[in-house]
Each structure stands twice: as structure tokens, then as C-alpha cells.
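The block underneath contains the structure these notes are about, expressed in C-alpha cells.
The values are calculated or read from the model by the stated rules, or taken from the named source; none is laboratory data. Since we're looking at a predicted model, the values are computed, not measured. FYI the Cβ positions are ideal-geometry reconstructions off the backbone, even for glycines, and counts take in every protein chain you see.
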Amino acid sequence: MTVKIFDTPEVQDFLNAVAGVDQSGGNDRAKQIVHRLVGDLFKLIDDFDVTEEEYWAGVNLLNALGSQTQFGLLSPGLGFDHFLDMRQDAIDAEAKRTGGTPRTIEGPLYVAGAPEAEGFARMDDGSDADGEVMWLTGQVRDVDGTPIPGAKVEIWHCNSKGGYSFFDPSQDEYNMRRTIYADSDGRYTARSIIPSGYGVPEGAPTDVVLKSLGRHGERPAHIHYFVSAPGHQHLTTQINLAGDPYTYDDFAFATREELVVPAERIDDPAEIAKRELDGPFSHVVFDVELAQTDAAELQVRHARPRAKEDDQDLASQLAGTAKV
Ligand code: DHB
Ligand code: FE
């Protein structure tokens with residue numbers, strides 16, 4: 001078919017009406033963005049000869065994604081989260097804010113309000129019998145190597161079946177979620193279990209999209225971090241454990257070379273006894289360097305609807321209903 005109507009005055013006038021360009025009320029930025037977004041989609045329909053059947057299948061898929069609160073899951077899979085990181089990296093570079101541990105995506109599964117501890121926390125509740133003990137430790141420093149005592153280190157990860165507490169109601173509240181304030185030497189230590197990889201639920205709308213692209217929905221074993229301290233740039237990052245089949249094939253595009261960390265198996269009885277453990281464990285070390293900044297807005301994480309972040313905010317509550 002050769003029908004192309006997008007560039008006709010009739011369609012362009014129609015697009016202006018759709019985006020409220022001729023209305024005095026509303027929000028100018030919303031008008032500009034909707035004009036561009038709808039216009040690009042109109043043009044796409046023209047260029048690809050999208051059929052009615054295809055269009056309504058697309059609408060139905062969006063409904064399915066929305067009804068299971070899965071846009072937050074699909075977003076990393078379609079690379080938006082990593083693209084936003086690439087932009088933030090470029091913004092930092094332009095402002096000459098360089099150095100420090102690289103950022104990478106937050107993902108959709110953070111829950112605010114985890115228990116707080118000083119220096120050390122045990123993160124797991126001991127119920128995951130398949131999980132190998134993980135001793136996770138590191139030092140928070142500035143880019144000159146000076147330790148940052150009291151730095152706030154928020155850590156969250158999934159269990160040995162890939163489930164995150166809160167989203168997986170079979171787990172205790174805040175299982176494998178903790179906030180640890182670094183000790184006087186900038187060090188933090190957590191006892192937990194080695195997480196497994198994570199997979200998008202089979203058959204879920206996100207999985208349907210990925211399968212249509214010939215892609216999988218697997219992530220390597222990973223551990224999420226928010227790290228912050230006064231006078232320093234807030235860091236959102238995660239480590240990907242080395243040796244996982246998906247370490248370099250992450251559907252969420254979060255892997256960065258500097259963030260691939262080995263888990264070293266330790267079976268020396270003296271090391272086991274020192275940590276009051278019952279048997280061999282895996283040692284994971286992740287030191288973090290934060291860039292300095294005086295700008296208050298760079299010292300905190302950016303706003304986003306997050307589970308349990310704000311009880312009064314509907315979007316925040318909705319973020320907690322994702323089917324993952
Ligand atoms: C997704 C899940 C994660 O655990 C994560 O860290 C990032 C993305 C997801 O399902 O999209
Ligand atoms: Fe995750």
C-alpha cells in the first residue's frame with residue numbers, strides 16, 4: 001500500500017487539535033511532548049502500514065502491561081533505564097563531574113523504609129535454605145581515596161529463587177533489604193545469602209514483548225545499592241556477580257565492567273570462625289567512590305514513585321503493586 005497521509009494539512013491540523021495546541025489551558029510542555037509523541041506514532045502507522053488488527057493488539061498489550069503494573073519492568077528491558085543513565089553520564093561529563101563508581105539502573109523493585117544499622121547488618125532472615133552465605137563488605141571513599149564515615153549504604157537483592165521481598169509475599173517484610181551506615185573507617189559489612197539471577201515472569205506481558213523481539217528476560221545475580229553522604233553525589237548502582245551465564249547478557253542492560261565483582265568461596269576454618277559462621281561462605285567485596293558536590297539536589301536520589309516511599313502518594317502505592 002502506498003497511502004501516506006501524515007504530511008497533509010488535514011492531518012497536521014488534526015494533530016494540533018489532538019495535542020491541544022489551539023487551547024489556552026493545560027501545560028505547554030505536555031502539549032509539545034504529546035504533539036511529538038502522537039505525531040511520531042501517526043507517522044509510524046503511515047510508514048509501516050500498521051493494520052487495524054495490529055493497532056488494537058498493541059492497545060490490548062498496553063492494557064495488560066498496565067493492569068499488572070509492568071511498565072517499570074518493561075522499561076529496563078527496552079533500554080530506557082540504561083539510556084537515561086547514558087544521558088546522566090553525559091550530563092556529568094559536560095559539567096566536569098567525573099570520577100567515582102559508575103552509576104547503573106535502579107530497577108523497579110526498591111522498597112523504602114528498610115531497617116537501619118551501623119556498620120554491620122544481617123540482611124536475610126535465615127529461612128532460605130538454598131542460599132549460600134554471602135559476606136558482603138566494602139569501603140566508601142571520596143574520589144581522592146579518603147574514607148567517608150557514616151555514609152548511608154542501602155542494599156537490596158533477591159533470594160535464591162529470584163524473588164524480592166514485598167513483591168514476593170512469601171518472604172518476611174524487608175528480607176534482604178537493609179540500610180547500613182558506614183563505620184568510622186567508611187566500611188560497611190552485610191551478612192546475607194548469594195542472590196540468584198532474576199527472570200521476568202514467564203508469560204507476563206513484559207515477557208510477551210521480549211519474546212516478540214527474540215529476546216530473553218533474564219538478569220545475572222546482582223545486588224542493588226544507593227550510596228549517599230553529605231557533600232557527595234548520590235549514587236544509584238548495582239554489582240553483577242562474575243561467572244553468571246547472564247553477567248554479560250543482561251536483559252536490563254545494567255552490567256558495566258567496573259561493576260562485575262567476583263564472589264570468592266572461603267572455606268578456611270579461621271575465616272569462618274572469625275565471622276561466627278557454620279561453614280564455607282562466599283566473600284564479595286565492593287568498594288564505592290563518591291564524587292564530591294556542593295549541589296544539594298545531586299546529593300539525594302531523584303524523585304520517582306517507589307514502593308512505600310510516600311503513603312500519601314497514589315503513584316508510590318501503585319509502584320508497589322508490580323507483578324514480578
Ligand atoms: C528488573 C528486575 C530487576 O531485579 C532489576 O534489578 C531490574 C529490572 C525488571 O524486571 O525489569
Ligand atoms: Fe534487581
Practice prompt. Just name the residue that is farthest from PHE281 (Cα to Cα) out of those in the stretch 235-246 that are surrounded by fewer than 19 Cβ atoms within 10 Å (Cβ to Cβ) and not aliphatic (A, V, I, L, M).
Written response: PRO245
Worksheet item: How about the stretch 122-144: which of its residues are closer than 25 Å to GLY231 by Cβ and in contact (Cβ under 8 Å) with a residue 24 or more places away in the chain?
Response: THR137, GLY138, GLN139, VAL140, ARG141, ASP142, VAL143
Discussion item. Quick check on this structure: which one of SER170, SER196 is in contact with a Cys (Cβ under 9 Å, 6 or more places away or on another chain) and either in a loop (DSSP other than H, G, I, E, B) or among the β-branched types (Val, Ile, Thr) (or both)?
Written reply: SER196
Fill in: Hits in the stretch 309-322 (condition: over 16 Å from the mean Cα position of the chain (by Cα) and either modelled with pLDDT of 95 or more or of a type outside the set (S, T, N, Q) (or both))
ASP310, ASP311, ASP313, LEU314, ALA315, LEU318
Fill in: Single residue of the stretch 176-205 satisfying the filter (more than 16 Å from ligand 2 (Cβ to nearest atom) and at positive phi) that is surrounded by the fewest Cβ atoms within 10 Å (Cβ to Cβ)
GLY203
Item to complete: Can you tell me which residue within the stretch 77-111, out of those that are more than 19 Å from PHE253 (Cβ to Cβ) and more than 16 Å from ligand 1 (Cβ to nearest atom), is surrounded by the most Cβ atoms within 10 Å (Cβ to Cβ)?
Response: GLY100
Worksheet entry | Within the stretch 108-126, considering residues that are under 14 Å from GLU173 (Cβ atoms) and touching an Asp or Glu at 6+ places or on another chain (Cβ under 6 Å), the one nearest to ligand 2 (Cβ to nearest atom) | ALA112
Discussion item. Anything in the stretch 218-232 that is assigned to a loop (DSSP other than H, G, I, E, B) and surrounded by 21 or more Cβ atoms within 10 Å (Cβ to Cβ)? List them, or say none.
Written reply: PRO220, ALA221, ALA229
Response to the item:
The residue that is nearest to ligand 2 (Cβ to nearest atom), considering only those in the stretch 209-259 that are touching a helix residue (DSSP H, G or I) at 6+ places or on another chain (Cβ under 7 Å) and more than 14 Å from PRO102 (Cβ to Cβ), is ALA252
Response to the item:
SER160 fails exactly one of (1) surrounded by fewer than 18 Cβ atoms within 10 Å (Cβ to Cβ); (2) within 21 Å of the chain's Cα centre (by Cα); (3) farther than 29 Å from ASP268 by Cα, namely (3)
Worksheet item: Got a number for residues in the stretch 114-165 being under 29 Å from GLN292 (Cβ atoms), assigned to a strand (DSSP E or B) and away from ligand 1 (no atom under 16 Å from the Cβ)?
Response: 15
Worksheet item: Could you list, in sequence order, the residues of the stretch 147-175 that are over 15 Å from THR137 (Cα atoms) and aromatic (Phe, Trp, Tyr)?
Response: TYR164, PHE166, PHE167, TYR174
Practice prompt. Those residues that are surrounded by 14 or more Cβ atoms within 10 Å (Cβ to Cβ) and in contact with an Asp or Glu (Cβ under 9 Å, 6 or more places away or on another chain), I need them from the stretch 269-297; list them, please.
Written response: ILE272, LEU277, PRO280, PHE281, SER282, HIS283, VAL284, VAL285, GLU289, LEU290, ALA291, GLN292
Worksheet item: Out of all the residues in the stretch 265-287, is one or more free of Cβ contacts under 8 Å to residues at least 60 places away in the same chain, outside any loop (DSSP other than H, G, I, E, B), in contact with a strand residue (DSSP E or B) (Cβ under 7 Å, 6 or more places away or on another chain) and under 28 Å from GLU106 (Cα atoms)?
Response: yes
Discussion item. Condition (residue is more than 30 Å from the chain's Cα centre (by Cα), surrounded by 14 or more Cβ atoms within 10 Å (Cβ to Cβ) and either free of Cβ contacts under 8 Å to residues at least 24 places away in the same chain or within 16 Å of ligand 1 (Cβ to nearest atom) (or both)) applied to the stretch 39-49: is it met by at least one residue?
Written reply: yes
